[in-house]
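Take a look at the structure below.
The values are calculated or read from the model by the stated rules, or taken from the named source; none is laboratory data. Source: prediction; values computed, not measured. With ideal geometry, Cβ positions are generated from the backbone for all residues, glycine too; neighbour counts draw on all protein chains shown. The accessibility values were calculated without ligands, DNA or RNA, using every heavy atom of the protein model including side chains. Shrake-Rupley method; radii C 1.70, N 1.55, O 1.52, S 1.80 Å.
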Amino acid sequence: TPHFRGRQGELARLEAFVEDPTAQGCVLIGLPGIGKTALATQWVGGLRGRVHILWRRVRTETTHRDVLQDLAGMLRGAGRPALSDLLLRPPDVGPEMSLDLLIRDTSELSSILILDDSHVAAPEVASFLRRLPVVLPKKSGLKLLLITRERLRFCNPADFALGRLWELELDNLPHADAEAVLTSLGIERPRREEILELCGGHPLSLELAASRGVSLEGARRVSAERLTQEILSHLDPSHR
């Protein structure tokens, strides 16, 4: 992400999450365009050579087996083929056996599973993700990062209370960081001030407004439409 600026506190929080022996999962939450994926990309870029990273975008049709297959491929690449071999067997193999192998083979393997758009997870995937922070032993080598636009209903509140799950919520960039983004995009000072006045510190709006092919009103309209379609449509009338 060439124009990434700021978020030092959030990056430090993610680094602390990796090192914490109790935390098994972290929920990264924020409005569309707020920079969740950019932050996660910047973070894992600094982990290269230290951990195995698996990144999947969740879709409504993603199954529990899809996630397991991805994890099995990662483990096979790390010299642990047992889960991959198990999944090649007939589908009547019990899910508990798959989970047991996953726990065993990630116990001493530093790895991170990142699931983008976790809020659209199907019930069976949600059930699997709900169990992971509970069944993974303390000091497990596998960490889970769930990127989402809304609160995940399948997360167990007890896991947050016990420190097995963390939450990191992104807000708009502070003024200085937002200005640094525009500077990196080559925007001259008078136009920077105009953009900041209209868009504040919303990263997607800043990048849209910095594009010569998009008017400031156009950038604001795109952001407002995404907010209306993807966030407000999920709220009941009283909350809206």
- Message: For the stretch 130-152: of the residues being among the basic types (Lys, Arg) and either under 16 Å from the mean Cα position of the chain (by Cα) or at pLDDT 90 or above (or both), which is nearest to Glu207 (Cα to Cα)?
- Response: Arg149
- Yes/no for Trp55 being part of a helix (DSSP H, G or I) and among the aromatic types (Phe, Trp, Tyr): no
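Residue-by-condition table, conditions (1) within 20 Å of the chain's Cα centre (by Cα); (2) within 22 Å of Trp43 (Cα to Cα); (3) open to solvent by 20 Å² or more (accessible area, probe 1.4 Å):
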residue	(1), (2), (3)
Met74	yes, yes, yes
Ala78	no, yes, yes
Asp85	no, no, yes
Met97	no, no, yes
Leu101	no, no, yes
Glu108	no, yes, yes
- For the subset of the stretch 58-82 comprising residues that are among the aliphatic types (A, V, I, L, M) and assigned to a loop (DSSP other than H, G, I, E, B), which member is farthest from Thr1 (Cα to Cα)? Ala78
- Task: Restrict the check to the stretch 27-43 and report whether at least one residue is over 15 Å from the mean Cα position of the chain (by Cα) and outside any helix (DSSP H, G or I).
- Result: no
- Item | Selected residue (only one of Gln8, Gln69 is over 16 Å from the mean Cα position of the chain (by Cα), free of Cβ contacts under 8 Å to residues at least 60 places away in the same chain and under 27 Å from Ala180 (Cβ atoms)) | Gln8
- Query: Could we say that Arg164 is surrounded by 15 or more Cβ atoms within 10 Å (Cβ to Cβ), at pLDDT 85 or above, of a type in the set (Lys, Arg) and within 18 Å of the chain's Cα centre (by Cα) here?
  - Reply: yes
- Query: Applying the selection to the stretch 23-36, what residues are open to solvent by 40 Å² or more (accessible area, probe 1.4 Å) and either among the aromatic types (Phe, Trp, Tyr) or within 19 Å of Leu136 (Cβ to Cβ) (or both)?
  - Reply: none
- Among what's in the stretch 37-70 and is open to solvent by less than 20 Å² (accessible area, probe 1.4 Å) and in contact with a Ser or Thr (Cβ under 8 Å, 6 or more places away or on another chain), pick the residue that is modelled with the lowest pLDDT. Leu68
- Task: Can you tell me which residue within the stretch 167-212, out of those that are hydroxyl-bearing (Ser, Thr, Tyr) and free of Cβ contacts under 8 Å to residues at least 60 places away in the same chain, is surrounded by the fewest Cβ atoms within 10 Å (Cβ to Cβ)?
- Result: Ser211
- Task: Considering each of Ser118, Ser110 in turn, give the residue that is touching a strand residue (DSSP E or B) at 6+ places or on another chain (Cβ under 6 Å), at pLDDT 85 or above and at negative phi.
- Result: Ser118
